[in-house]
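Structure first, then comments.
Taken together, the values in this text are just the output of simple stated rules run on the coordinates, not laboratory data. Note that the coordinates shown come from a computational prediction; the quantities given were computed from them, not determined experimentally. No Cβ is skipped: glycine too gets one built from the backbone with ideal geometry, and neighbour counts run over all protein chains shown.
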Ligand SMILES: [Zn+2]
């Protein structure tokens, strides 16, 4: 994988509550936007791992994400089915 590209994956099971699924998807968006690995989890809220069903987007997460929301973030597509 190129160091300039990233990938997000969310694995679910049939019993995953909708709120948790939404938070998991947003959590992965945060990894993409912030371009950080597990260190992001210390931000808490939706950034925590495992991602909680009920969580907030912390003020620190908002502060870090805001300036990066519109930066291009190439996605790794090497194993995507065509
Ligand atoms: Zn994570």
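Before moving on, here are some points about what is shown:
- Verdict on residue 69 being on the phi < 0 side of the Ramachandran plot and surrounded by fewer than 15 Cβ atoms within 10 Å (Cβ to Cβ): yes
- The residue that is surrounded by the most Cβ atoms within 10 Å (Cβ to Cβ), among those in segment 24-34 that are more than 8 Å from the ligand (Cβ to nearest atom) and under 16 Å from residue 59 (Cα atoms), is 33.
- For segment 35-64, a residue qualifies if it is part of a helix (DSSP H, G or I) and either closer than 24 Å to residue 18 by Cα or near the ligand (Cβ under 10 Å from one of its atoms) (or both), and the qualifying residues are 38, 39, 40, 41, 42, 43, 45, 46, 47, 59, 61, 62.
- Failed item in (1) within 12 Å of the chain's Cα centre (by Cα); (2) surrounded by 14 or more Cβ atoms within 10 Å (Cβ to Cβ); (3) in contact (Cβ under 8 Å) with a residue 12 or more places away in the chain, with residue 21 passing the rest: (3)
- Cross-chain or 6+ apart pairs with Cβ under 6 Å, segment 44-72 first and more than 13 Å from residue 30 (Cβ to Cβ), then more than 15 Å from the ligand (Cβ to nearest atom) and in a loop (DSSP other than H, G, I, E, B): 53/17
- Any hit, segment 11-26, residues being assigned to a loop (DSSP other than H, G, I, E, B) and within 21 Å of residue 75 (Cβ to Cβ): yes
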